[in-house]
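The values are calculated or read from the model by the stated rules, or taken from the named source; none is laboratory data. Keep in mind the model is a prediction, meaning the values are calculated, not measured. Every residue, glycine among them, receives a Cβ derived from its backbone with ideal geometry; neighbour counts consider all protein chains shown.
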Amino acid sequence: MSYPDMQSRSAQLFERGRKVIPGGNTRKSVYFAPYPTYAASVDGCRVTDVDGVERLDFVNNNSATVLGHNHPAIVDAVVAQAKRMMAAGMPTELEIELAEMICERVASVDQVRFANSGTEAVMFAVRAARAYTGRNVIAKVEGAYHGSWDPMYTSMTPLPDTWGEDSAPTTTLSSAGIPQGAIDDILILPANDVKAARELLRANADDLAGVLIDPLVSQMGFLALTNEYLAMIRQVCSDLGAQLIFDEVFSFRLGYHGAQEEFGVQADITAFGKLIGGGLPVGAIGGGKDIMAVFDHTAGGSVPQSGTFSGSCMTMAAGIAALKEMTPQRFEQINALGEYAREGMRSALQEAGLTGVVNGRGSLMSVLLVESPFDNYRELFNQLIAGGAFALGAQLHQYLLNHGIACIPPGVFILSAAMTEADIDELLRVATDAFREIAQSE
């Protein structure tokens, strides 16, 4: 079967879905034109759609299934827990056990509170920073995504006519329905510009509550923030008494001790998600005892934090099973596979005579058909959107779909521990053919 096929089961489901769901499905992030493929089943590193087409899965539910699909340890844990108890209006020992595991892995984390998503984790991390410091301004990097909470849904995809000066980006709304007042206390930093970012932070010293950082910016194709940039932010936060918040919803999968160990920077507050839920909905906030005291409802904590499914026993059981499986050796294995994939993609581009940039770290990779490397959102925008590389990415995505590979357009690949070198070789073989076809069509 060739995609797109308007007679396919996926196309029919999309039209049926549009009658009752705006846009045909609930997650914008899984849509691509003219219709998304609808999943029927998964196993290991493969996903089968409703038309019976099996593909190597480099989406992995946007990084939530690091072990691959239907991992026996997680399935067994979830089934056993469901038989005992699916939910109760009481705490369970499971949340304590998962919190202990996270605290053991991350040096900067003494205590943890659980939530239901990465968005919630970021929301409460920001709220904690504001409560702890008594200040309001939160800084974030232009082009970075930190969930859908109003104040953080800013300057993700700004346009040249509104984004302001390179050294002092304007804080722009990224969605209708968000009042201007919700983003008045958000400061936007240019990525990897040490001098400009330092000056912006110091200019807001009296009001700065914290700086929210995704060290491997998922929204920009896993662009790594430089060591110099991260060290500067860590130092400025310490100097000004502001809180450094790491968003590790994606990047906790970089190693056994997470992104902070990999980048050599300790945060004051960390937002977690995805990996720690074993594939079920999850979020968590972690930090030192002093900052986490704002959540202590037994001692007059100033930030109430709850939720019907926060600390859900089903999610906790799945998360415990996932972390037990993700040993240091398993991280070494999947990260080596990621490096093998990145090097292979670079060779494939060269062999096809096609220009592109391969970014990423650990088990995360992007392949963007841009003309030159980029260090920030604006450099990426000028090539991806204004330069037409996004259209080339759509062409790549469609070719891969039609040859047994599922990825996130325009070229994001998330590996799972269920994959082997043979699976990566399959990806590289198909990608090489795709690159050749694209090169010939230019």
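Residues of the stretch 371-386 being under 23 Å from residue 225 (Cβ atoms) and of a type outside the set (D, E, K, R), which ones?
372, 373, 374, 376, 377, 380, 381, 382, 383, 384, 385
Which of the residues that make up the stretch 207-223 are out of contact with any helix residue (DSSP H, G or I) (no Cβ under 9 Å at 6 or more places or on another chain) and within 15 Å of residue 266 (Cα to Cα)?
The answer is none; no residue qualifies.
Sort through 68, 134, 118, 89 and tell me the only one that's touching a His at 6+ places or on another chain (Cβ under 9 Å) and modelled with pLDDT of 95 or more.
118
Quick one: which residue in 10, 41, 63, 2 is among the small types (Gly, Ala, Ser) and under 20 Å from the mean Cα position of the chain (by Cα)?
None of the others qualify; the one that does is 63.
Report the residue count in the stretch 325-345 for those that are loosely packed, with under 14 Cβ neighbours inside 10 Å and either in contact with a helix residue (DSSP H, G or I) (Cβ under 7 Å, 6 or more places away or on another chain) or part of a helix (DSSP H, G or I) (or both). Working first, answer last.
Let us first name the residues in the stretch 325-345 that are loosely packed, with under 14 Cβ neighbours inside 10 Å, namely 327-329, 332, 336, 343.
From the residues that got through so far, the ones that are either in contact with a helix residue (DSSP H, G or I) (Cβ under 7 Å, 6 or more places away or on another chain) or part of a helix (DSSP H, G or I) (or both) too are 328-329, 332, 336, 343.
Residues that pass the stated criteria total 5.
Sort through 144, 73, 139 and tell me the only one that's farther than 30 Å from residue 181 by Cα, of a type in the set (A, V, I, L, M, F, W, C) and out of contact with any His (no Cβ under 7 Å at 6 or more places or on another chain). Full working, then the answer.
Working: 144 fails: farther than 30 Å from residue 181 by Cα; 139 fails: farther than 30 Å from residue 181 by Cα.
Checking each option against the conditions leaves just 73.
Just name the residue that is farthest from residue 339 (Cα to Cα) out of those in the stretch 395-436 that are among the small types (Gly, Ala, Ser) and in a loop (DSSP other than H, G, I, E, B).
Looking at the filtered set, the residue picked out is 404.
Determine whether the stretch 370-381 contains at least one residue that is of a type in the set (Val, Ile, Thr) and either under 19 Å from the mean Cα position of the chain (by Cα) or at pLDDT 95 or above (or both).
There is at least one residue in the stretch 370-381 that is of a type in the set (Val, Ile, Thr) and either under 19 Å from the mean Cα position of the chain (by Cα) or at pLDDT 95 or above (or both).
May I ask you to list pairs of residues, at least six apart or on different chains, whose Cβ atoms are under 9 Å apart, with the first in the stretch 144-157 being assigned by TED's automatic domain parsing to the domain that holds residue 212 and the second being basic (Lys, Arg) and surrounded by 24 or more Cβ atoms within 10 Å (Cβ to Cβ)?
Within 9 Å, the pairs are 146/140; 152/140; 154/140; 155/140.
Residue 228: under 22 Å from the mean Cα position of the chain (by Cα) and in contact (Cβ under 8 Å) with a residue 24 or more places away in the chain, yes or no?
When the stated conditions are applied, residue 228 does not pass them.
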